[in-house]
Amino acid sequence: MALIEEFDKSGNVLFRYRSYIPVVMYVLAILVLCFDKQNFISPDNLVASYICFGISLLGMAIRGMVIGYVPKATSGRNTSEGQVAETVNSKGIYSLVRHPLYLGNYFMWLGIFAYVGNVWFIIVSSLLYWVYYERIMFAEEFFMRNKFGSAYTDWAAKVPAFWPKLSGWVPSEMDFSFKNILKREYSGFLATVISFLFVNAIKYYFQQNEFHFAYEWVLATVAAIAITITLKTMKKMNLLEVSGR
């Protein structure tokens, strides 16, 4: 198998198993906190924890800019049937960066990486994220290039893959839909809050030799669960449906 086909195949496989990334990161975080008990963010440091959570919220906001404007089936999405795309989405945030969802994902994870409080963990985890998602981005672009030809390559030649350019914004033709964000993003929000609760608890265990869940993160988790249940119910009742999304 030629290398280009191998990259495409492995990228599609990695996409299907991306939901297992948190498990790997949790294991790595436990190992780091076990051996680095005096990391630079203590479990009682609320200011630092809020800053880290703010970084993750930035990632959610980036994803929201995509989900709020994006029409249905406009970017390569790997489903059980394979890649799906009807047009090339080149407007809105896609006029600044080709893979804004993965950029948002990175900042969501970066907040958690930083909260662990170990510089090397941040660096290594960021590199692992890049290596993993680079294959996924390659598979998506391979599909889009083959399907849309110059319509895709002309856009890709002007727009960077991961880090956004600072000029050339092209407004989206779609209206912003907050409903679409609520319909699609509640699970990511819940997972992020639980991740902070988890890291905080592990910090307490290794640094203070006790099982303890910080009140702030417990309250945030309860609120996130309630929001998730509410939005999931609304989704099942078709209360969050938006035409063309």
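The values are calculated or read from the model by the stated rules, or taken from the named source; none is laboratory data. Every value quoted in this text rests on a predicted model; they were computed, and no experiment measured them. No Cβ is skipped: glycine too gets one built from the backbone with ideal geometry, and neighbour counts run over all protein chains shown.
So, V222, is that one crowded, with 18+ Cβ neighbours inside 10 Å and either in a helix (DSSP H, G or I) or within 20 Å of the chain's Cα centre (by Cα) (or both) or not? No, not satisfied. Of note, A191 does not satisfy the criterion of being more than 19 Å from G59 (Cα to Cα) and part of a helix (DSSP H, G or I).
Take Y132 and tell me if it is within 30 Å of I30 (Cβ to Cβ), among the aromatic types (F, W, Y) and touching a residue at least 12 places away in the same chain (Cβ under 8 Å). Spelling it out, Y132 is indeed within 30 Å of I30 (Cβ to Cβ), among the aromatic types (F, W, Y) and touching a residue at least 12 places away in the same chain (Cβ under 8 Å).
Reported count of residues in the stretch 1-37, each being surrounded by 15 or more Cβ atoms within 10 Å (Cβ to Cβ) and not in a helix (DSSP H, G or I), is 1. When restricted to residues that are out of contact with any helix residue (DSSP H, G or I) (no Cβ under 6 Å at 6 or more places or on another chain) and surrounded by 14 or more Cβ atoms within 10 Å (Cβ to Cβ), the stretch 204-215 contains 3.
Listed by first and then second residue, the pairs linking a residue in the stretch 172-186 that is over 18 Å from S90 (Cβ atoms) to a residue that is surrounded by fewer than 19 Cβ atoms within 10 Å (Cβ to Cβ) and among the acidic types (D, E), with Cβ atoms under 9 Å apart and 6 or more places separating them unless they lie on different chains, are K179/E241; K183/E241.
Does the stretch 141-151 include one or more residues that are in contact with a helix residue (DSSP H, G or I) (Cβ under 8 Å, 6 or more places away or on another chain), of a type in the set (A, V, I, L, M) and within 19 Å of L101 (Cα to Cα)? Taking every residue of the stretch 141-151 in turn, at least one turns out to be in contact with a helix residue (DSSP H, G or I) (Cβ under 8 Å, 6 or more places away or on another chain), of a type in the set (A, V, I, L, M) and within 19 Å of L101 (Cα to Cα).
Being surrounded by fewer than 15 Cβ atoms within 10 Å (Cβ to Cβ), in a helix (DSSP H, G or I) and modelled with pLDDT of 90 or more is a property that A201 lacks. Residue count for the stretch 145-167, restricted to those that are closer than 21 Å to N105 by Cα and not aromatic (F, W, Y): 7.
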